[in-house]
Ligand SMILES: NC(=O)c1ccc[n+]([C@@H]2O[C@H](COP(=O)([O-])OP(=O)(O)OC[C@H]3O[C@@H](n4cnc5c(N)ncnc54)[C@H](OP(=O)(O)O)[C@@H]3O)[C@@H](O)[C@H]2O)c1
C-alpha cells in the first residue's frame, strides 16, 4: 500500500525542532496540510513561515501536550481550521540520561508524562476524527515515534526505556483495536539521534556509560524514515544501524546484545575505579 498525503491533514507533535520539524518539512513538500504543535510558539511560527514560503498549507497550534486541555484544544483547532484530521505523528518526547541510583520519582514521572501519557491521550482525542477520515474513504494513521529503548532496556536510560516500552506496548495493542476504525497504528524506532539542542532534549545528562551524542544519526535520516513509514504503511521500523542491530539481536542473539550492554557498564565501572 502507498498512502498519498497530498491535501491530507497531518498533525505533527514535537514540530519545533529535531525529527518532528524535519518530518513536517518533508510532508509539506509532498503536499500534506500541516498542523504543527510543540510548546515553543516562536519556533513553530518560524516553521510555518518557512512552509508557507514553499507553498504549503500549515498552521501552528502551540501547547503543552502534558496538559489535557491543551491536547483537546490542539485537535479541536486543527479540525476547525482544516475541516478534518487524517494522520497523527506522535513525535514529541524527552530523554533522561543517567543511572537509576541518581534519579528521582519526579524524573520518572516527568518522562512517562511526556513520552507515554501525552501521546496516548492525544491519540484518544484524535481517534474519532481519524475514524471520520476512514469513513470519508482515506486510510488514516497514527505514527508513533518511540525508540529502540522501547525494545531493549539500555543501562543509564531506565526512565526513558520504561516510557518507550510502555509506548511500544500500547502501540501494538491499539494496532489491533483500531483495525475496526480503519486506523493504522505504525511504530518507528530510532537509535541514537543527533539533537538540535541536547540541553532541551535531555532532562538530565549525567549518565556514566559512553554514548556518542555528537556522532549519532542525523535527525534528517530519521525524519525520512518517519515519513516513509506513513507513506508505505510500515508497521514497525528500526531506523539506523545501531537500532537495527539491537532490534535484530534481541530476536536472534539476545545474549550477545546483553554482553555488549554489560560491557558498557563494566567499562564505566573500571574508569570510576581508576579515578579513585
Ligand atoms: N534524539 C534521540 O537520540 C532519539 C532517539 C530515539 C528516539 N527519539 C525520539 O524521537 C522523538 C523526537 O526526538 P528529537 O531528537 O527530535 O527531540 P528534540 O529535538 O528534543 O525535540 C523534541 C520535541 O518535543 C517537543 N516537546 C517536548 N516536551 C513537550 C511537551 N510537554 N509538550 C509539547 N511538546 C513537547 C519539543 O518542543 P518544545 O520544547 O518546543 O515543547 C520538541 O519539538 C522523541 O519522541 C524521542 O524520544 C529520539
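Values quoted throughout were computed directly from the atomic coordinates according to the rules given, and no laboratory measurement underlies them. Everything quoted here is computed from the prediction, not taken from an experiment. Every residue, glycine as well, gets a Cβ built from its backbone with ideal geometry; the counts of neighbours run over all protein chains shown.
Calculated on C-alpha atoms, the gyration radius of segment 132-270 divided by its Kirkwood radius gives an Rg/Rh of 1.02.
Taking the alpha carbon gyration tensor of segment 9-275, multiplying each eigenvalue by 5 and rooting it gives semi-axes of 32, 20, 17 Å, largest first.
Ordering 244, 138, 266 from the fewest to the most neighbouring beta carbons within 10 Å gives 266, 244, 138. Rounded to the nearest 0.05, what FRET efficiency is calculated for residue 173 and residue 135 with R0 set to 30 Å and r the Cβ-Cβ distance? Calculated value: 0.85.
Classified by the C-alpha gyration tensor, segment 208-276 has an oblate form. Its axis ratio a/c, with a ≥ b ≥ c, is 1.5 or above, and a/b does not exceed b/c.
If both residues of a DSSP beta bridge must be in segment 9-275, then about 0% of such bridges are antiparallel.
Apply the a/c threshold of 1.5 to the C-alpha gyration tensor of segment 150-218 and tell me whether it is rounded, prolate or oblate.
prolate
Mind pulling the angle between the C-alpha long axis of helix 118-135 and the longest principal axis of the chain? Nearest 10 degrees, somewhere in 0 to 90. Helix 118-135 sits roughly 30 degrees off the main axis of the chain. Put a dot 7 Å past the Cα of residue 72, heading toward its Cβ, do the same for residue 53, and the two dots end up 3.8 nm apart. With an a/c value of 1.5 or above and a/b larger than b/c for the gyration tensor axes a ≥ b ≥ c computed over the alpha-carbon atoms, segment 1-55 is described as prolate.
Using alpha carbons only, how many degrees (0 to 90, rounded to 10) separate the axis of helix 41-53 from the longest principal axis of the chain? Helix 41-53 sits at roughly 60 degrees to that axis. Relative contact order, whole percent, for segment 9-275 stands at 18, derived from Cα pairs under 8 Å and 6 or more residues apart.
Between the helical axis of 158-177 and the longest alpha-carbon principal axis of the chain there is an angle of about 40 degrees.
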